[in-house]
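Working notes, beginning with the structure itself.
The values are calculated or read from the model by the stated rules, or taken from the named source; none is laboratory data. Given the structure is predicted, the values throughout are model-derived calculations rather than measurements. Please note: Cβ atoms are built from the backbone with ideal geometry, for glycine as well, and neighbour counts cover all protein chains shown.
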Amino acid sequence: MTPAAAPPLAPPALTYACDVEDVPLGEGRALTLDGRRIALFRSFEGWFALDDACPHSGGPLADGIVCDHAVICPLHERRFALATGDALTSDDEAATAHEVEVRAGRVFVAVAAERSAAAAA
Ligand code: FES
């Protein structure tokens, strides 16, 4: 008898983060959602969320400069793509990205598994 395949993982649930007017256009805010420190960004391209701790050395990405679909870490100026968390200026590990949905003026984040945990699964 062959073991049954594991069921697909359910997508993460949406967690209320804030109201749209709580984050000015072009800025980020740090929030704690589902026990994780999340950097939520409102860019000209839309809303994005990454883990707040920079993969390089833990800098606060929510305090970074948002421009050209990316955030620049305030500590050592490495850039990370807002949509994917990919490192754009170095070989650093990517930041974990989280899906964001805006519904009726309220912003929700689907807090993803940490990259290291997802890779081990
Ligand atoms: S801590 Fe972010 S670039 Fe160094």
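Residue count for segment 81-100 satisfying the condition of being within 14 Å of Ile38 (Cβ to Cβ) and not in a loop (DSSP other than H, G, I, E, B): 4. Among the residues of segment 42-67, count how many are closer than 16 Å to Val107 by Cα and either more than 15 Å from the ligand (Cβ to nearest atom) or at pLDDT below 95 (or both). Here the count works out to 8.
Return yes or no: is Leu82 surrounded by 20 or more Cβ atoms within 10 Å (Cβ to Cβ), under 15 Å from Leu14 (Cα atoms) and in contact with a strand residue (DSSP E or B) (Cβ under 7 Å, 6 or more places away or on another chain)? Spelling it out, it is not the case that Leu82 is surrounded by 20 or more Cβ atoms within 10 Å (Cβ to Cβ), under 15 Å from Leu14 (Cα atoms) and in contact with a strand residue (DSSP E or B) (Cβ under 7 Å, 6 or more places away or on another chain).
The single residue among Val102, Val71 that is hydrophobic (A, V, I, L, M, F, W, C), more than 15 Å from the ligand (Cβ to nearest atom) and in contact with a helix residue (DSSP H, G or I) (Cβ under 7 Å, 6 or more places away or on another chain) turns out to be Val102. Annotation note: Cβ proximity below 7 Å between a residue of segment 26-46 that is over 15 Å from Asp63 (Cα atoms) and a residue that is crowded, with 18+ Cβ neighbours inside 10 Å and of a type in the set (D, E, K, R) (sequence gap 6+ or interchain) occurs for Arg36/Asp51.
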